[in-house]
Each structure stands twice: as C-alpha cells, then as structure tokens.
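The values are calculated or read from the model by the stated rules, or taken from the named source; none is laboratory data. Since we're looking at a predicted model, the values are computed, not measured. As a convention, Cβ positions derive from the backbone with ideal geometry for all residues, glycine included, and neighbour counts pool all protein chains shown.
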Amino acid sequence: MKSIKISVEHFDSDIIADNADILCHEAIQNPGEPVGCSVANIEVENHRVTVKFLWFEAPEKIDENDFCFIEETNMLFFRSVYQWGVIDIEKRKLKRHTKAFCYPCFEKYETFVLVIDELDAESVTFKGDRIHQVPIDPPYEMERFDDRIEFTSYVSGHQVLKIK
C-alpha cells in the first residue's frame, strides 16, 4: 500500500508560489481578482506535487478530506465547493478539472469512482475519465446494482448511471 502525505496551507491573498507544479483556478464564471489561495503539497512515495488553488469568491479551507487517492493509477481526485478534478501524480499535471454546482463528493468502488454533485451523478474510471453522467436533483433515492446505479427523484425522474 502506497502512503500519501498531504499538507495544505491557506492564504488570504494570492501569494506567489513559483514552486507550484499545478495552478488550479476555481471553476466559476467571470472570476475577478483572487481573494485567497491554498497551496497543497502532496507526496506519494518518490513523487512530489505542489498544487496552488486560487479562490475568487471566498477563501476556502480545503484539507486532506477533500482528496481521494486512487492507488491503482496514482491519480488524486480533489474537490472544493464549486469544482472537482483529477491530478496525475506521476506526470505532475492536472488531468481533469470540472465545474461543480455545490460541493461534490467521491465514493470509490471496486472498479470506478462515483462523483455526486447537487445536480449530477457521474461514474469515472480510476484514471479520471468519464464513463457516464446523469442528472439528479435532491431528494433522490439511489440503488446500486452490479452493472449500474439507479437514481429516482421527483425532479429528474428515473435515471440509470452506467458504471462499466
């Protein structure tokens, strides 16, 4: 089992971090000047990555719980209030960056990752590639099967999310 270390520092302004490998802008429309930033130092065995997150609406306080490491592929999923994405640890690059409606969450299963946002559910490979996406709207019920996840809500109706 690979060990992962994540340390995050928060700043109330946009500090200059020349040593950042990845710069991740908060995924919002019409960003103005940054009101803060967070710098995450990530270490997995002999790989080190520094990610600078810029905040435009309000300084966020992401922490280790906002990351999900996929050991099988060395991919690191991250989230904040209005975004989520995937970092390729070995290549030290942002593989995917997606806008979120409101604070997405990750659930790792045996063969995929489920990303649930306020209005969407998405199945994603361990490398961060989309398998399938469906609209959802709370409140909803979720039932998992071997080959799919079914969501039922008053607004979105019955939705079938493919997981393979």
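Going residue by residue through region 139-148, is there one that turns out to be hydrophobic (A, V, I, L, M, F, W, C), over 18 Å from the mean Cα position of the chain (by Cα) and outside the structural domain of A27 (by TED's automatic domain parsing)?
Taking every residue of region 139-148 in turn, at least one turns out to be hydrophobic (A, V, I, L, M, F, W, C), over 18 Å from the mean Cα position of the chain (by Cα) and outside the structural domain of A27 (by TED's automatic domain parsing).
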Exercise. Just wondering, is there one or more residues in region 12-21 that are among the charged types (D, E, K, R) and surrounded by 19 or more Cβ atoms within 10 Å (Cβ to Cβ)?
Worked result: no
For this session: Could you pull out the residue among E57, E72, E43 that is within 18 Å of the chain's Cα centre (by Cα), not in a strand (DSSP E or B) and not assigned by TED's automatic domain parsing to the domain that holds E110?
Result: E72
Exercise. In region 66-84, is there at least one residue being out of contact with any strand residue (DSSP E or B) (no Cβ under 9 Å at 6 or more places or on another chain) and without any contact (Cβ under 8 Å) to a residue 12 or more places away in the chain?
Worked result: no
Exercise. Can you pull out the residues in region 102-158 that are more than 17 Å from I70 (Cβ to Cβ), small (G, A, S) and not in a strand (DSSP E or B)?
Worked result: S156
